[in-house]
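Everything on this sheet refers to the single structure shown next.
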Amino acid sequence: MSETMRAMRLHAPGQPLVLETLPRPRPGPGEVQLRVLACGVCRTDLHVVDGELTEPRLPLVPGHEIVGEVAALGEGVTGLTLGQWVGVPWLGWTCGECDACRRGEENLCERAAFTGYTRDGGYAEYCVADARYCFAVHGDDARATAPLLCAGLIGYRTWRLAGGEANRRLGIYGFGAAAHILAQLAVARGQRVFAFTRPGDTQAQEFARRLGAEWAGGSDEAPPEPLDAALLFAPVGDLVPTALAQVRPGGVVVSGGIHMSDIPSFPYRLLWEERSIKSIANLTRRDGEEFLALAPEVPIRTETRPYPLEDANQALDDLREGRLSGAAVLIP
């Protein structure tokens, strides 16, 4: 068995990834080595590559929507077996000791490490992951499962913290990978989905209708009825006051992204009447376990476009330029 692997690495923000041959990583105590079967391409990867997230470990192998086969077990690992398929998300390690961890808010861990940002990720043939943050995955289609590991999980947490199925009229701003997964869950739960895309993006609007959205239009348009909740997946700060203007009194706007352009000032009347704004940070293991068990029950069908590993730069560019419906997935 070869002791090397191919990987796409980032050496400096704003520069293309470079295909390199690297030593295959070895698992340490509490870790597993995975043979990467598929790795989704997430907008957060763009924020890392483009320098909008400013503290990556360099050089870096990006990628945090990983489906892999357990190839080796580190010392002390239990509950996982060789050959098992698992999923690895963005949150890659937590200390278990800080105030946030002790409060049960591991997603806010003060010393957290992140897959494809401060730990090498899945744009490679092999990777190493903390066994605690490897989730059992269902099914036998790695390409279809990969987007669930971030687009799905963050979408689910955003939906859950907005009130879940208690909201009858759900607005979704930015109809990309997360939205196309979440819309299926919301429709299955009997919610009415209103989809907002870039103005004039009729292809994305038709995609949203095909997945069950009752209405789809540009983000500069008003929905036919006030929203109970608005979920923001587009990293555009201008959308916060826009969405606030569309939610009913007592409604909520939740931003599901890790990065967003600056939010402009807005009149207090948009926030008045007990409207609220929230943000989502990372995920918890509860989110992963709940959502990955729920997805096949819905069932959620991801729409993906595959790319070979060496075409990671093209996949990132297609995402950057809005040329994707659904999710890009790298296949090593």
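The values are calculated or read from the model by the stated rules, or taken from the named source; none is laboratory data. From a predicted model like this one, the values you see are computed outputs, not experimental measurements. Virtual Cβ from ideal backbone geometry, glycine too; neighbours counted across all protein chains shown.
Could you tell me how many of the residues in region 17-40 are in a loop (DSSP other than H, G, I, E, B), exposed (fewer than 15 other Cβ atoms within 10 Å of the Cβ) and of a type outside the set (Gly, Ala, Ser)?
The number of residues fulfilling the criteria is 2.
Across region 56-113, what is the total count of residues that are surrounded by 14 or more Cβ atoms within 10 Å (Cβ to Cβ), touching a Pro at 6+ places or on another chain (Cβ under 6 Å) and either more than 25 Å from Val329 (Cβ to Cβ) or not assigned by TED's automatic domain parsing to the domain that holds Asp311 (or both)?
Residues that pass the stated criteria total 1.
Has region 41-48 got any residue that is acidic (Asp, Glu), closer than 21 Å to Asp311 by Cβ, touching a strand residue (DSSP E or B) at 6+ places or on another chain (Cβ under 6 Å) and buried (at least 19 other Cβ atoms within 10 Å of the Cβ)? Show your work before the answer.
Restricting attention to region 41-48, the residues satisfying the condition of being acidic (Asp, Glu) are 45.
From what is left, the residues that are closer than 21 Å to Asp311 by Cβ are 45.
If we keep only those that are touching a strand residue (DSSP E or B) at 6+ places or on another chain (Cβ under 6 Å) as well, we get none.
Within region 41-48, not a single residue is acidic (Asp, Glu), closer than 21 Å to Asp311 by Cβ, touching a strand residue (DSSP E or B) at 6+ places or on another chain (Cβ under 6 Å) and buried (at least 19 other Cβ atoms within 10 Å of the Cβ).
Select, from Ala281, Ala327, the only residue that is surrounded by fewer than 18 Cβ atoms within 10 Å (Cβ to Cβ), among the small types (Gly, Ala, Ser) and touching a residue at least 12 places away in the same chain (Cβ under 8 Å). Show your work before the answer.
Numbers: Ala327 fails: surrounded by fewer than 18 Cβ atoms within 10 Å (Cβ to Cβ).
Ala281 is the lone residue from the list that is surrounded by fewer than 18 Cβ atoms within 10 Å (Cβ to Cβ), among the small types (Gly, Ala, Ser) and touching a residue at least 12 places away in the same chain (Cβ under 8 Å).
Quick check on my filter: what residues within region 295-313 are under 17 Å from Ala151 (Cβ atoms) and surrounded by fewer than 17 Cβ atoms within 10 Å (Cβ to Cβ)?
Pro296, Val298, Pro299, Arg301, Glu303, Arg305, Pro306
Check Thr94, Thr118, Thr145 and return the single one that is closer than 20 Å to Leu46 by Cβ, among the polar types (S, T, N, Q) and either touching a helix residue (DSSP H, G or I) at 6+ places or on another chain (Cβ under 8 Å) or touching a residue at least 40 places away in the same chain (Cβ under 8 Å) (or both). Step through it out loud before you land on a result.
On the way: Thr94 fails: closer than 20 Å to Leu46 by Cβ; Thr145 fails: closer than 20 Å to Leu46 by Cβ.
Result of the check over Thr94, Thr118, Thr145: Thr118.
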